[in-house]
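One structure is given here, and the rest of the page talks about it.
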């Protein structure tokens, strides 16, 4: 017993020495207070800027917003020079795990290559001003952990885990010669890597949801209808039965969170609403009557403009004739979708669905330009900050960042802040040139970019 006690004491001493010898990361040296002075604030929900004011950040939360806000002698003081201070941007439909063509990743890329590329793209997302991202499916749990631990730079991630899809659904990305793992036992690359679970029947859907929740998914992503990228599922197909979808919603609800779905077709959207789904992503082929229903029931709509409305022939993400024909149908419906969503006051998120290649991610902020014909500057800014923060809060007790609000500038909110050169409330194009116009990027009270003079 004495020997055992000695061993334990020795190990404790070694552990203490290791901790003492461990190098301090930059995050450990961050000041406890940052005072941002001389800024006009867009708070994420208002339709105008404040007058010149100061914002005091204490640790990782906003403490005070006032012309009289002051900090201690050891605080870092940042003079905003009369510029606009706004919440960090939130991406409502991101794909940090789809950093290359899906079939290329499945067949030609190793997991370590994909993981390293995900880390690179996460850092680039942060430098574009995105401090939070709701990931719409894929193996990002390890990436999220590395970011949260401060080992690499990137936005906060609300992970969905593997997309849950029926066999032959939008999440079934097997190539044409790939056989079914159910019938043949052959491995499925996308399932093995954690991109999608092919689940059929109530029991399998329950297991798939529970598996994602076991991995600490913040919310659940399902495919309720056909897609453009997936070659073998018809765009107008309604996927899953009502009973299967209700089973997924019930499992998520028991864990205090929600389900959102990929759906373009009107029938798929209505079935998802029947099942209790809280958010419809895409929705381009919706009918006006269904848009009224979304508004009445208080559900969310997460549409995309850039990826849908850009020139189809020049879009590298949709290379095959089948994909282009599908995209044309989606594009034809999108303009009505935006018009009706605004007409009926639907709760609208701001997301891009960028995936597949570096040049696609480079265009993330082009979403502002392509939404501009349908939404005012202030509507877009509210969508990408306060609205998206409200959407993320639907994850309830599965929220991985429960200690402050996101998407707003108010006391008690997370200190995720941008200082912008120019006034985006007057000219939304200011947001497109992020390299020059985003002068300060702060996430969780830590400054990642500061080019203020």
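A few points about this structure:
- In plain terms, the chain from residue 311 to residue 433 could stretch by 41.8 nm, reckoned as 0.36 nm per residue minus the Cα-Cα distance.
- Fraction of C-alpha pairs exceeding 36 angstrom in segment 89-375: 8 percent, rounded to a whole number.
- Point-to-point label distance, residue 336-residue 79, nm (Cα→Cβ direction, 7 Å offset): 5.6 nm
- In segment 334-380, the alpha-carbon atoms span a convex hull of 79 Å³ per residue.
- Cα-projected label distance for residue 292 with residue 231, points at 7 Å along beta-carbon direction, nm: 4.2 nm
- If R0 equals 30 Å, the separation of the Cβ atoms of residue 448 and residue 104 corresponds to a calculated FRET efficiency of about 0.45.
- Over the chain, DSSP H runs of length four or greater, each weighted -39,500 (n - 2.57), average out per residue to a 222 nm ellipticity of -10000 deg cm²/dmol.
- Spin-label model distance (nm) - residue 46 vs residue 211, 7 Å beyond Cα toward Cβ: 4.9 nm
- Protection proxy ranking of 369-376, 71-78 - average other beta-carbon atoms within 10 Å, highest first: 369-376, 71-78
Bear in mind that the values in this text are calculations on the coordinates, not laboratory data. Keep in mind the model is a prediction, meaning the values are calculated, not measured. Glycine also receives a Cβ, built like all others from the backbone with ideal geometry; neighbour counts cover every protein chain displayed.
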